[in-house]
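A short worksheet on the structure shown next.
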Amino acid sequence: MSGIDYDSPAALKAYLDAHGMAMQKKFGQNFLVNAQARRRLVDALELEPGTSVWEVGPGLGSMTSMILADGARLTAFEIDRGFASCLREELADYMKGDGATFRLVEGDVLKTWKGEWKENGVPERFFGNLPYNVAAAIVADMISAGVRFDKAVITVQKEVAQRITAKPGDDDYSSFSVLCQWAYDVSNIIDLAGGSFWPRPNVDSRAVKMVKKEAFPRCSDPSLFMKLVRALFAQRRKTIKNNLNALPETKGRVDEFLEKAGLAPTLRAEVLTVDQMLALSDVIAEGIQK
Ligand code: SAM
């Protein structure tokens, strides 16, 4: 177990100074210095001894150490070489021998996760307090690759969380909302104001839980569905008919497909449910085979 006082900005600063390190803004480094919130997030993972977990951005290991203490088998992805070396020092006991439960993958998770996936498969849980530029990209990349976790608990900038959970008709409803809600049941866990972090960010954060949908992919051609969703939202102000005219698969046959799917051509994507898009995708998949 690590001996760092994760609730004290002064202690964290002293620890970093002693290791010749400083917080790096470019990596979105803001530590969660609220013990209650950390416990709540880790509890939301519903870990059992031996549960396999990926954590993105462990930092100095405040929640990494809790996940390990709960008996999980954890692989963490960290871009900051200095943090990685501190983690090796602080959590050395979990990395030793045949029974090791902690592995660290250094580098940009957007570049490293696929290698880890190919080598060791998909873990049961996904966890991270993610910098905002990485959050949406990593979630979208993984779903697009067909990688889904039984449960994911992610803390993200509030705007990203709103996009994940937005419903048809909401301002934040986007192709990203559809992608997330196609793959997962999504819900909010807790809001975290800037004061829960050190250094204090200008934005609020929100933790979101994503639980794998049992029925998946609910369409005959997942890659066509993802292409369709991107096309439907390509220009938000345009009707679905106009957006679909730009998609090679539907060009010239848009009216026919929309009629078969029971959708008015004048609708905008922002009012369509995930199920309506899935049904449209199947109509198109069937139609282009003919
Ligand atoms: N988990 C710690 C906590 O909650 O206190 C730190 C969270 S901090 C918001 C984000 C962490 O993600 C930092 O450790 C940062 O170095 C790491 N990080 C940022 N970009 C990354 C990337 N592309 N790949 C892997 N880790 C990244």
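Using helices alone, what [θ] at 222 nm do you get for the chain, with -39,500 (n - 2.57) per DSSP H run of 4 or more residues, divided over all residues and rounded to the nearest 500?
-12000 deg cm²/dmol
With θ taken as phi - 60° and the coefficients 6.51, -1.76 and 1.60, list the Karplus ³J(HN,Hα) couplings across the range 197-214 in order, rounded to whole Hz; mark glycine and proline as x.
Along the range 197-214, the couplings run 10, 10, x, 6, x, 7, 10, 8, 10, 8, 9, 10, 10, 10, 10, 4, 6, 5 Hz.
Please order Ser85, Ser205, Ser223, Ser196 by the number of other Cβ within 10 Å, starting at the fewest.
On the way: Ser85 15, Ser205 26, Ser223 12, Ser196 21.
Least crowded to most crowded, the residues run Ser223, Ser85, Ser196, Ser205.
Would you mind calculating the gained length between Asp7 and Gln289 on full extension (0.36 nm times residue separation, minus the Cα-Cα distance), in nm to one decimal?
Extra length from Asp7 to Gln289 when fully extended: 95.6 nm.
Select from Thr266, Thr239, Thr165 the residue whose mean-square fluctuation is largest in a Gaussian network model of the chain (Cα-Cα springs shorter than 10 Å).
Result for the chain, Cα springs under 10 Å: Thr266 fluctuates most.
Normalise the Debye intensity by I(0) for the chain, one equal point scatterer per Cα, no solvent, then take log10 at q = 0.09, 0.13, 0.16 Å⁻¹ and round to two decimals.
Here the Debye-derived log intensity ratios amount to -0.49, -0.89, -1.19.
Among DSSP bridges having both ends in the chain, what percentage is antiparallel? Round to the nearest 5.
45
Long-range amide H contacts for Phe126: which residues qualify at under 5 Å (H placed 1.01 Å from N, peptide plane, sequence gap of 5 or more or a different chain)?
Residues meeting the amide H criterion: Trp54, Lys151, Ala152, Val153.
Kindly write out, for the range 92-106 in residue order, the coupling ³J(HN,Hα) from the Karplus curve 6.51 cos²θ - 1.76 cosθ + 1.60 (θ = phi - 60°), rounded to whole Hz, with x marking Gly and Pro.
In residue order, the calculated couplings are 3, 4, 7, 9, 8, x, 5, x, 4, 10, 10, 10, 10, 10, 8 Hz.
Could you give the length gained on full extension between Glu259 and Leu16, defined as 0.36 nm per residue of separation minus the Cα-Cα distance, in nm?
Taking Glu259 through Leu16 to full extension adds about 81.3 nm, to one decimal.
Length gain on complete extension for the stretch Gln36 to Lys212, per 0.36 nm per residue less the alpha carbon to alpha carbon distance? Walk me through the intermediate numbers first.
On the way: separation 176, 0.36 × 176 = 63.36 nm, distance 2.60 nm.
Computed gain between Gln36 and Lys212 is 60.8 nm.
Can you give the relative contact order of the chain as a percent, counting alpha carbon pairs under 8 Å and 6+ residues apart?
14
With label points built 7 Å along Cα→Cβ from the Cα atoms of Leu110 and Lys238, find their separation and express it in nm.
Once both label points are built, they end up 2.6 nm from each other.
To the nearest 20 debye, what charge dipole does the chain have about its Cα centre, counting +1 at the Cβ of each Lys and Arg and -1 at the Cβ of each Asp and Glu?
860
For the range 36-138, which trypsin sites (Lys or Arg not before Pro) are both in a DSSP coil and crowded by at most 16 other Cβ atoms within 10 Å?
Details: sites: Arg38, Arg39, Arg40, Arg73, Arg81, Arg88, Lys96, Arg103, Lys111, Lys114, Lys118, Arg125; in loops: Lys96.
Hits after loop and neighbour filter: Lys96.
In sequence order, what are the phi-derived ³J(HN,Hα) couplings for the range 259-275 according to the Karplus relation 6.51 cos²θ - 1.76 cosθ + 1.60 with θ = phi - 60°, rounded to whole Hz, with x for glycine and proline?
Calculated HN-Hα couplings, in order: 5, 4, 7, x, 10, 5, x, 7, 5, 10, 4, 5, 9, 7, 7, 4, 4 Hz.
Only the coordinates and a few stated rules stand behind these numbers; no lab work does. Since this is a predicted model, take the numbers as computed values, not measurements. So basically every Cβ, Gly included, is an ideal-geometry build from the backbone, and we count neighbours across all protein chains shown.
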